[in-house]
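Have a look at the structure below, then the notes.
The values are calculated or read from the model by the stated rules, or taken from the named source; none is laboratory data. Fair warning: this is a prediction, and the values are worked out from it, not measured in the lab. A quick note on method: Cβ atoms are made from the backbone with ideal geometry, for glycine too, and the neighbour counts reach across all protein chains shown. Each accessible area value is taken on the protein alone, full model and side chains, heavy atoms only, with ligands, DNA and RNA left out. Shrake-Rupley method; radii C 1.70, N 1.55, O 1.52, S 1.80 Å.
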Amino acid sequence: MSAASDITRRAKSNLAFALRILPKERRDDMETFYAFCRTMDDLADDPREPIETRAASLEAWKQGLTDGFQNPDELQAAVVALRDKHAIPTELLTAVIDGCRMDLHPSQPRTWENLSDYIWKVACAVGLVSIRLFGCKEPESETYAVALGRALQLTNILRDIREDLENGRIYLPEEDMDRFGYPAEDLRALVQDERFMKLMEFEAERAEGFFREAEQVMPAADHAALLPARIMAEIYHLLLQQMREDGFRVLDKRHSVSKLRKLAILSKHLVAG
């Protein structure tokens, strides 16, 4: 088993689940890319290492991708080969690294534009690489990837508020919290009142807008190639709906879509094509 396959198998993420539907060669390529993303995230979040060490590790990856690795390990060699095989712009790969580096020194975004910049790096760039690996041909698929990336990442942010707080991170924009008179101090105190509900509903509706945009711009010619992305969209949209129906109890529980529901979604798409 390759290093990339092992990382993907152990992750048990929604993306890794959706990759099951791909033909073997494309699945192998996506596993390599997923392993790259997972590794960058782990390097940034490893609590056992000082921040300086984590920053140096991420910078070594960025320099290697930009200037060439001196003695690449198995995963580094696989990522370079993947980039060359699919003519992936290096800037998309380094954007993922830059997004992970932002988490080394977390600061609450002041505006949606600030958060949007972070989301572009850690999610939209991932989508723009993925559509190349899926075999998409239409330019509109890039618009789809960006919209869906924003929808998925914002849904993640809403689900993981408590976990992010425990790691000293708040991703909700200050201007949105100000809009509803809900300061960061109340979030840290886990105050779950009407102000919190209105804030969460506001952000959930923003995510819904991106889900709708992705659906509207998806090119018919790439409908089949985008099958893994469509599976991801349905899983995460269901997750968002669960949070809304549960009254956004994200401060005292972590919502998830059951494996049985995910298998049902996968089966439905296999039948529909």
So for R0 = 51 Å, FRET eff. of Lys259-Gln70 from the Cβ-Cβ r, to 0.05, ends up at 0.75
Bounding extents of segment 36-145 in its principal axis frame from Cα atoms, largest first in Å, are 43, 41, 20
Taking only Cα atoms of segment 112-172, the Rg to Rh ratio with Kirkwood Rh works out at 1.07
Computed for the chain: size of charge dipole around the Cα centre, +1 on C-beta of each Lys and Arg, -1 on C-beta of each Asp and Glu, debye to nearest 20, value 1120 debye
Taking 197-209, 249-261 and ranking on average Cβ neighbours within 10 Å, highest first, one gets 197-209, 249-261
The orientation-averaged projected area of the Cα convex hull of the chain, in nm², is 14.6 nm²
For the chain, the charge dipole (Cβ of Lys, Arg +1; Cβ of Asp, Glu -1; about the Cα centre) points to a positive end, and the Cα of Thr66, Thr155, Ala95 closest to that extreme belongs to Thr155
Taking 85-95, 44-54 and ranking on average Cβ neighbours within 10 Å, highest first, one gets 85-95, 44-54
With x for Gly and Pro, the residue-by-residue ³J(HN,Hα) of segment 57-64, computed from phi through the Karplus equation 6.51 cos²θ - 1.76 cosθ + 1.60 at θ = phi - 60° and given in whole Hz, is 5, 5, 5, 4, 5, 5, 5, x
With the 8 Å Cα cutoff and a minimum separation of six or more residues, segment 94-150 has a relative contact order in percent of 40 percent
Rg/Rh of segment 108-222 (Cα atoms, Kirkwood Rh), to two decimals, equals 1.04
The distance between the Cα centres of segment 196-237 and segment 19-64, in whole Å, is 25 Å
Segment 121-191 accessible area per residue, 1.4 Å probe, protein heavy atoms, integer Å², reads 39 Å²
Expressed as a percent, the accessible surface of the chain that is carbon or sulfur, using a 1.4 Å probe and the full set of protein chains, is 50 percent
Filtered pair list for the chain (Lys only, Cα < 25 Å, 8 or more apart or interchain) has a length of 20
With x for Gly and Pro, the residue-by-residue ³J(HN,Hα) of segment 34-39, computed from phi through the Karplus equation 6.51 cos²θ - 1.76 cosθ + 1.60 at θ = phi - 60° and given in whole Hz, is 4, 4, 4, 4, 4, 5
The size of the Cβ-based charge dipole (Lys, Arg +1; Asp, Glu -1) of segment 140-273 about the Cα centre, to the nearest 20 debye, is 700 debye
For segment 72-134, Rg(Cα) over 2.2 N^0.38 Å is 1.27
